[in-house]
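See structure below.
The values are calculated or read from the model by the stated rules, or taken from the named source; none is laboratory data. This is a predicted model, so every value here is computed, not measured. So basically every Cβ, Gly included, is an ideal-geometry build from the backbone, and we count neighbours across all protein chains shown. These accessible areas exclude ligands, DNA and RNA; they are computed on the full protein's heavy atoms, side chains included. Shrake-Rupley method; radii C 1.70, N 1.55, O 1.52, S 1.80 Å.
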Amino acid sequence: GQSLEQPSEVTAVEGAIVQINCTYQTSGFYGLSWYQQHDGGAPTFLSYNALDGLEETGRFSSFLSRSDSYGYLLLQELQMKDSASYFCAVPNYGQNFVFGPGTRLSVLP
Amino acid sequence: DAGITQSPRHKVTETGTPVTLRCHQTENHRYMYWYRQDPGHGLRLIHYSYGVKDTDKGEVSDGYSVSRSKTEDFLLTLESATSSQTSVYFCAISERSGRGEQYFGPGTRLTVT
């Protein structure tokens with residue numbers, strides 16, 4: 001079946017760079033997605049990587065290596081508002097999605 | 001923001017009562033999903049729909065049923081609520097199945113006493 005692993009918690013200071021890793025096992029891989037969720041809120045889509053390499057969107061970048069079944073989310077110039085949980089997600093036999101357990105990021109002043 | 005609403009936003013109910021949660025979208029997306037989120041478990045798929053009247057089970061479907069009679073509405077029913085179904089329920093939509101992005105509704109916090 002499909003499974004994903006992420007670190008449970010990451011802590012960093014304001015202005016720093018942090019990387020959140022995701023390793024996956026899945027059948028029929030199409031791509032890796034990332035979502036952000038603030039406490040009490042809904043998950044919001046951040047990025048989607050279908051091909052190997054780095055995709056940049058402002059302060060956030062996402063990387064995928066299909067051969068290593070691995071990806072990461074890179075957050076630069078951290079701000080207090082980046083404190084949230086971050087989830088990676090992969091397709092489940094191309095019919096729906098499976099989410100990782102989530103990484104809670106705490107940004108300290 | 002994608003046009004997704006959920007109702008009710010909060011509900012407290014008693015064990016054994018039926019409960020229906022509604023998800024409504026204005027994006028005309030084909031795929032709709034119901035998830036539950038519990039501490040330590042992330043997002044778990046309950047049921048999903050790939051078109052009107054076309055639904056399938058997810059990872060944690062026991063005790064839940066769904067219906068989709070119109071593109072814009074996806075209903076989740078707890079036939080006889082149990083305390084283990086106390087959770088936050090999220091609806092999501094996507095244009096493509098298993099690829100790209102999903103857009104989530106604001107969530108429904110359900111408490112079963």
When the label point is put 7 Å from the Cα of B:T5 along its Cα-to-beta-carbon vector, which residues of segment B:75-113 have a backbone N closer than 15 Å?
B:105-108
Per residue, what accessible area does chain B have, given a 1.4 Å probe and all protein chains present, in Å²?
48
7 Å from Cα along Cα→Cβ at both B:S80 and A:R66: what's the point-to-point distance in nm?
4.8
If you put +1 on each Lys and Arg Cβ and -1 on each Asp and Glu Cβ, how big is the dipole of the protein assembly as shown around its Cα centre, in Debye rounded to 20?
540
Loop by DSSP (not H, G, I, E, B), at most 14 other beta-carbon atoms within 10 Å: where is the longest site-free stretch of chain B for trypsin sites (Lys or Arg not before Pro)?
B:10-52
Give me the dipole magnitude in Debye, nearest 20, for chain B about the Cα centre, with unit charges on the beta carbon: positive for Lys and Arg, negative for Asp and Glu.
60
Extreme residue, positive dipole direction of chain A, given options A:A12, A:S62, A:C88 (C-beta unit charges):
A:C88
With springs only between Cα atoms under 10 Å, which of A:L73, A:L64, A:L46 fluctuates most in a Gaussian network model of chain A?
A:L46
Students often forget the sequence filter, so: which lysines lie under 28 Å Cα-Cα from B:K70 once same-chain residues fewer than 8 apart are removed?
B:K11, B:K53, B:K57
Karplus-derived 3J(HN,Hα) from phi for segment B:23-33 (6.51 cos²θ - 1.76 cosθ + 1.60, θ = phi - 60°), whole Hz, x at Gly and Pro, runs 10, 10, 10, 10, 9, 6, 6, 6, 9, 9, 9
If I take every Cα pair under 8 Å that is 6 or more residues apart in chain B, average their sequence separation and divide by the length, what percent do I get for the relative contact order?
35
Between chains A and B, what is the buried accessible area in Å², counting both sides, with a 1.4 Å probe and ligands, DNA and RNA left out, to the nearest 100?
1600
Would you mind computing, in nm to one decimal, how far apart the modelled labels at A:V13 and B:E14 are, each placed 7 Å from Cα along Cα→Cβ?
5.6
Exposure rule at most 14 other beta-carbon atoms within 10 Å, DSSP loop GluC sites (Glu not before Pro): chain A longest free segment
A:15-76
Compute the Cα gyration tensor for segment B:36-99, then decide on rounded, prolate or oblate, letting a ≥ b ≥ c be the square roots of its eigenvalues: rounded whenever a/c is under 1.5, prolate when a/b is larger than b/c in the other cases, and oblate in all that remain.
oblate
In whole Hz, what ³J(HN,Hα) sequence does segment A:47-53 give by Karplus (6.51, -1.76, 1.60; θ = phi - 60°), x for Gly and Pro?
7, 9, 10, 9, 10, 4, x
If the elastic network links every pair of Cα atoms under 10 Å, which of B:G51, B:G42, B:G63 fluctuates the most in the Gaussian network model of chain B?
B:G42
D (Stokes-Einstein, µm²/s), Kirkwood Cα radius, segment A:68-109, 1.306 mPa s at 10 °C:
130
With a/c under 1.5 counting as rounded, go ahead and sort the protein assembly as shown into rounded, prolate or oblate using the C-alpha gyration tensor (a ≥ b ≥ c being the square roots of the eigenvalues; past the cut-off, prolate if a/b is larger than b/c, else oblate).
prolate
Indicate the gyration tensor shape class of segment A:33-99 (rounded, prolate or oblate), computed on the Cα atoms with a ≥ b ≥ c the square roots of the eigenvalues: a/c under 1.5 is rounded; otherwise a/b larger than b/c is prolate and the rest oblate.
oblate
